[in-house]
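Quick notes on the structure that follows.
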Amino acid sequence: QVQLIESGGGLVQAGGSLTLTCTASGYTLTDYRVGWFRQAPGQQREFVIAVNRGGDIPYSSASVKGRFTISRDHVKNSVLLQMNNLKPEDTAVYYCAATTRLAAITREDSYDSWGQGRQVTVSS
């Protein structure tokens, strides 16, 4: 399985922006569909946004549409999650995940490899 390493995130005020990066080790990430999920305290992990191998059309949840974008950096073998106009309800641990399977891109169980998670905290 591909090893995923996340970086970025942190603390920001509401309305601010943060970037998370998911970098693959040992494998070419463009061969994988990549998604981002998040888990707030006391909540189940939920789908945020994902991109297919072609990287042309992202899939995003209604709660982040228009604020979050996902993109690939082919040189750095990474996928970036750009988060703009952040809200306190975006506070969570964010996970990137990857899969080669043609399963539902919004489902957790469609993914085989997971990063360790990065904390994003948005203050009001």
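For this structure, a couple of remarks:
- Average projected area [Cα convex hull, the chain], square nanometres: 6.9
- Placing +1 on each Lys and Arg Cβ and -1 on each Asp and Glu Cβ, with no other charges, gives the chain a dipole about its Cα centre of roughly 140 debye.
- Accessible carbon and sulfur surface of the chain relative to its total accessible area, %, 1.4 Å: 48
- Derived scalar couplings ³J(HN,Hα) [segment 93-103; Karplus, 6.51 cos²θ - 1.76 cosθ + 1.60; whole Hz; x for Gly, Pro]: 8, 9, 10, 9, 8, 9, 7, 9, 7, 8, 10
- Take segment 1-62 with all the other protein chains still there, run a 1.4 Å probe, and you get 52 Å² of accessible area per residue.
- Whole-Hz ³J(HN,Hα) from phi, Karplus 6.51 cos²θ - 1.76 cosθ + 1.60, for segment 41-51, glycine and proline x: x, x, 10, 6, 5, 10, 6, 10, 6, 8, 9
- Selected from S63, S113, S17 as most flexible by GNM, with the chain as the system and alpha-carbon contacts under 10 Å: S63
- Protein-only accessible surface at a 1.4 angstrom probe places the residues Y27, Y32 in the order Y27, Y32, largest first.
- For segment 83-88, putting each phi into the Karplus relation 6.51 cos²θ - 1.76 cosθ + 1.60 with θ = phi - 60° gives couplings of 10, 10, 6, 5, 10, x Hz, in residue order, rounded to whole numbers and with x for Gly and Pro.
The values are calculated or read from the model by the stated rules, or taken from the named source; none is laboratory data. The shown structure was predicted, so the numbers you read here are calculated from the model rather than taken from an experiment. With ideal geometry, Cβ positions are generated from the backbone for all residues, glycine too; neighbour counts draw on all protein chains shown. We work out accessible area using only protein heavy atoms, side chains counted, and drop any ligands, DNA or RNA first. Shrake-Rupley method; radii C 1.70, N 1.55, O 1.52, S 1.80 Å.
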